[in-house]
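The next block holds one structure in the form of C-alpha cells; read it before the comments.
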Amino acid sequence: MKKIKSLLDKSILILCATVFLISCGGKEKKEAEAKVEEKKEVSKTKTLDIEKPQLTFGFIKLTDMAPLAIAKEKGFFEDEGLFVSVEAQSNWKNVLDRVIDGQLDGSHMLAGQPIAAGAGFGRQAELVTAFSMDLNGNGITVSNDVWSKMKPNIPAGEDGKPIHPIKADALKPVIEDYKKSGKAFKMGMVFPVSTHNYEIRYWLAAAGIHPGMYTADNVQGQIDAEVLLSVTPPPQMPATLESGTIYGYCVGEPWNQQAVFKGIGVPVTTNYDIWKNNPEKVFVMTKKFIDENPNTAVAVTKALIRAGKWLDEPGNRKEAVQILSKPQYVGAPESVLANSMTGTFEFEKGNKREMPDFNVFYKYNATYPFYSDGIWFLTQMRRWGQIPEKKSTEWYSETIKKIYRPDIWKKAATLLVEEGHIPAADIPETDGYKPSTNDFIDGKKYDAKDPIAYINSFKIGNKDE
C-alpha cells in the first residue's frame, strides 16, 4: 500500500509539474504571439522617405503640449522613422524666435503666433501649421480678494454654489471700486497674440469693460483700458498673482488649478464657456522647412494625429497625466494635472464640476486646421488694433490659406486610414470652414466667410464700416 501511495504521490507531482510546464509554455507562447502581433501593428505604418529624421521640437509647460509628449512616449514618432527631441522653452517669444531662426524644427505654439507673423503684427516670417493641437483648455482666475468682492454679484443655485458660466458683469463693480480708490485693475495674459489675450478681452468686453486698444505707439494694448493687461509666462502666473502684481489672469492648465491647490485664487470661467470648443494651440514649422522636407512634415503630422486620438480614447487620460507630470514635460503634480485632464474642473475650492470637454485633443475634428479658426484670430487682431488698417474680406481668406495647411493634414490622415490607425469617417468633408456659430458667451454670431460683419457687430473695438 505504501508503494502504491508513493507511486500515486509521484504521479500527482509529475502531473502538476507537467500542467505547470504546459501553462508556462502556453504563457510564453501567448507572450511571443502578442509580441508578433505588436510588431505587425507597428509594421502597418508606411514609412515615408524621410528627408530629416533627427528633429528637435519645442513646447511650453502646459497640458496642451500633450500630443508632443504622447507621440514621443508611445513611439508614434519612431514608427514614422523620426527621432525627436522635445525641449521645454522659457516663453512664447523664445518659441517663436527659435523656430524662425531654425534652432527648432517645429514647436507647440499659440495659434495667433504664426497668424500674426504672416499678417504683419510683430516679427514677420512665413510659418505654417498643418495640425491643431487641441480645443478649449484655458481658464480665467482671480485672486481670493477679488473673488470675495465678485461673489455677491453672482446668482447662486439651490446648492448654494455660483451659477455658471460667470460673466464679467460680476467683475465690473469691483473694477469701478478700484478706479474710485485710484488703483488700476491689473490682469495677466500670456502673450499679445495668444488665445488667452483675445479670450480675456472678449470676456471683459462682453460685459462692457474696455480691455484697451493697440496702436503703433502703444504695443501694450492699453489705450482707453479699464483693465490693464500685461504679459506673464504661464508657469509664473500663480506666483505673480500671489505677490499682488496682478489681480487675475487668463492661462492654460495646470496654472488655474494650481491657484486652487495653493489656495491663492479662484477660477471664475473657462474658455469653453467663452467660446464652446474653441481652437487653442497649434504645431508650427516654417514654410521653408516644409518645402524642403515635405515627407517629414507629413510624417510628423501623422504621429501627432495618432497622439491626439490616443489622448481622447477612454481610459488613457490617467496614463497621460503620469507622463505629463514628468519633469521633462509639464512637471506639475499628478493631482493638479488630473483636476482638469480627467474630465473635471475645480473652481472655488470644493466646487469641482464635470467638464468632459475641458481638454479635447481629437474629437470634434480637433486636429484639423480649419481656415475659420484662423480667421477668428485675424478678426480679433483687427478688432483690438494689432492690424491697424481695414482689410477686405478676401484678404482674410487669402492670408489664412498661406498659414493653415489642411492639405498636409489630409495627406497624413489618408495614410493613417490606409494603415488602419484612424477610421475614414474621421476625415471631415469640408472646404476648410466650419458652419457659422453663436456658441459665445455673448451669443454673437461668427461666420468666417463674413469677417467684417463680425468685427462690426461689437460695441467695443475697431469698426470697418
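The values are calculated or read from the model by the stated rules, or taken from the named source; none is laboratory data. Fair warning: this is a prediction, and the values are worked out from it, not measured in the lab. Because the Cβ atoms are built from the backbone with ideal geometry, glycine has one as well, and the counts that use them run over all protein chains shown. Side chains included, ligands, DNA and RNA excluded: accessible areas come from the protein's heavy atoms. Shrake-Rupley method; radii C 1.70, N 1.55, O 1.52, S 1.80 Å.
Percent of Cα pairs in segment 416-465 per distance bin of 5 Å, from zero to the largest separation: 4, 17, 17, 16, 12, 9, 9, 7, 6, 3, 0.
Reported value for the chain: 187 Å³ per residue, from the convex hull of its C-alpha atoms.
Measuring between alpha carbons in the structure, the pairs from 46/74; 74/402; 161/449; 52/281; 309/444; 402/434 lying more than 29 angstrom apart are 74/402; 161/449; 309/444. Using only the C-alpha atoms, the convex hull of segment 111-217 corresponds to 136 Å³ per residue. Take the Cα coordinates of segment 315-411, assign each an equal point scatterer, and use the Debye formula without solvent to give log10 I(q)/I(0) at q = 0.10, 0.25 Å⁻¹. After summing over all Cα pairs, the log10 values are -0.48, -1.16. In the chain, the calculated helix contribution to ellipticity at 222 nm averages -13000 deg cm²/dmol per residue, counting -39,500 (n - 2.57) for every DSSP H run with n ≥ 4. For segment 98-151, compute Rh as the Kirkwood radius over C-alpha pairs and then the Stokes-Einstein diffusion coefficient at 20 °C and 1.002 mPa s; write the answer in µm²/s, rounded to an integer. It comes out at roughly 152 µm²/s.
Shape summary of segment 209-305, radius of gyration then Dmax from alpha carbon positions: 18.5, 50 Å. Structural descriptor for segment 347-452: relative contact order 32 percent, calculated from alpha carbon pairs under 8 angstrom and at least 6 residues apart. Placing +1 on the Cβ of each Lys and Arg and -1 on the Cβ of each Asp and Glu in the chain, which of 322, 378, 45 has its Cα farthest towards the positive end of the resulting dipole? Positive-end residue among those listed: 322.
The charge dipole of segment 238-293, taken about its Cα centre with unit charges on the Cβ of Lys, Arg, Asp and Glu (plus for the first two, minus for the last two), comes to roughly 40 debye.
Measuring nothing but how far apart in sequence close Cα pairs (under 8 Å, 6+ apart) lie, relative to its length, the chain scores a relative contact order of 21 percent.
If I take R0 = 60 Å and measure r between the Cβ atoms of residue 97 and residue 156 in this structure, what FRET efficiency does the formula 1/(1 + (r/R0)^6) give, to the nearest 0.05? Efficiency for this residue pair is about 0.80. Contact order for segment 257-335, expressed relative to its length and based on alpha carbon pairs under 8 Å spaced 6+ residues apart, stands at 9 percent.
For the chain, the membrane-span-like helices by this rule, meaning whole DSSP H stretches whose C-alpha atoms cover at least 30 Å of axis and whose Kyte-Doolittle mean is -1.0 or above, are 2-43; this says nothing about an actual membrane.
In this Cβ point-charge picture (+1 for Lys and Arg, -1 for Asp and Glu), the chain has a dipole of about 1060 debye about its Cα centre. Computed over segment 39-166, the P(r) tail beyond 27 angstrom holds 42 percent of alpha carbon pairs. Accessible surface of residue 101, taken over heavy atoms with a 1.4 Å probe and every protein chain present, rounds to 80 Å². Counting Lys and Arg as +1 and Asp and Glu as -1 over every other residue whose Cβ lies under 12 Å from the Cβ of residue 90, the net charge comes to +1. Within the set 44/318; 183/459; 179/463; 167/262; 93/318, which residue pairs have Cα atoms separated by over 30 Å? Too far apart for the 30 Å limit: 93/318. Of the trypsin sites (Lys or Arg not before Pro) found in segment 238-296, the ones in coil according to DSSP and having at most 16 other Cβ atoms within 10 Å of their Cβ are 276. Does segment 164-261 come out rounded, prolate or oblate, given a ≥ b ≥ c as the square roots of the eigenvalues of its C-alpha gyration tensor, rounded meaning a/c under 1.5 and, failing that, prolate meaning a/b above b/c? Since a/c stays below 1.5, the shape of segment 164-261 is classed as rounded.
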